[in-house]
Structures are given as C-alpha cells and as structure tokens.
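> I'd like to ask you about the structure that follows.
Coordinate-derived values only; no laboratory data. The structure displayed is predicted, hence computed values, not measured ones. Cβ atoms come from the backbone with ideal geometry, glycine included; neighbour counts cover every protein chain shown.
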C-alpha cells in the first residue's frame, strides 16, 4: 500500500537563523510523524519576507514563530496532520 505523501514547508527570510533552526527541528521529528501517521513527508525550506518562521503543512499554516522546544513543534504539527489526514 502506498503511503500518502505530504509536504511541509518552513518559510522565512533566506539564511535566517530561526527559520533554519525550525527546519532542522522538523527534520529531527519527521520520522516520528511519518511512523505515527503512516505517511511520507517532504520537508523543504521556503523564502518568505517575515520576521518569524512560518510552517505550512500542505499549504495550511501549522504555526508561525519558534516553538519553545521540539515537543511543542511536534504538537503543532500533529494538530495540523490530524485535520489533514482525517
């Protein structure tokens, strides 16, 4: 059975420290989410003129800003994936 493929884009200013940090965090939790939802995630960087990073799942804003820790990041992404995967 083919797994559903979804995209996550971490957008912000090019070479922005916080955008790149959130991107790395998403990569670190990617496998956890893929296993829990039985999906494949394509994680990409995007450019957007914003002071804070914006994380989009299938072009839906999951959150804006920098979570206090990776655990919060997982919760924000799971909330969005719950809506999309139903």
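> Every residue in region 62-86 that is outside any helix (DSSP H, G or I) and under 15 Å from residue 7 (Cα atoms), please. Even if it seems obvious, please write down each step before you answer.
So in region 62-86, the residues outside any helix (DSSP H, G or I) come out as 62-69, 86.
The answer is 62, 63.
> Considering region 1-27 alone, what residues qualify as being touching a strand residue (DSSP E or B) at 6+ places or on another chain (Cβ under 9 Å), surrounded by 12 or more Cβ atoms within 10 Å (Cβ to Cβ) and assigned to a loop (DSSP other than H, G, I, E, B)?
Of everything in region 1-27, just one residue is touching a strand residue (DSSP E or B) at 6+ places or on another chain (Cβ under 9 Å), surrounded by 12 or more Cβ atoms within 10 Å (Cβ to Cβ) and assigned to a loop (DSSP other than H, G, I, E, B), namely 13.
> Within region 28-49, how many residues are within 20 Å of residue 14 (Cβ to Cβ), outside any strand (DSSP E or B) and in contact with a strand residue (DSSP E or B) (Cβ under 6 Å, 6 or more places away or on another chain)?
Looking only at that region, the number is 1.
> Tell me, which residue of region 28-50 that is without any contact (Cβ under 8 Å) to a residue 24 or more places away in the chain and exposed (fewer than 13 other Cβ atoms within 10 Å of the Cβ) is farthest from the chain's Cα centre (by Cα)?
That would be 35.
> While we're looking at this one, here's another question. Of all residues in region 53-72 being in contact with a strand residue (DSSP E or B) (Cβ under 8 Å, 6 or more places away or on another chain) and surrounded by 16 or more Cβ atoms within 10 Å (Cβ to Cβ), which is nearest to residue 15 (Cα to Cα)?
Top of the filtered list is 53.
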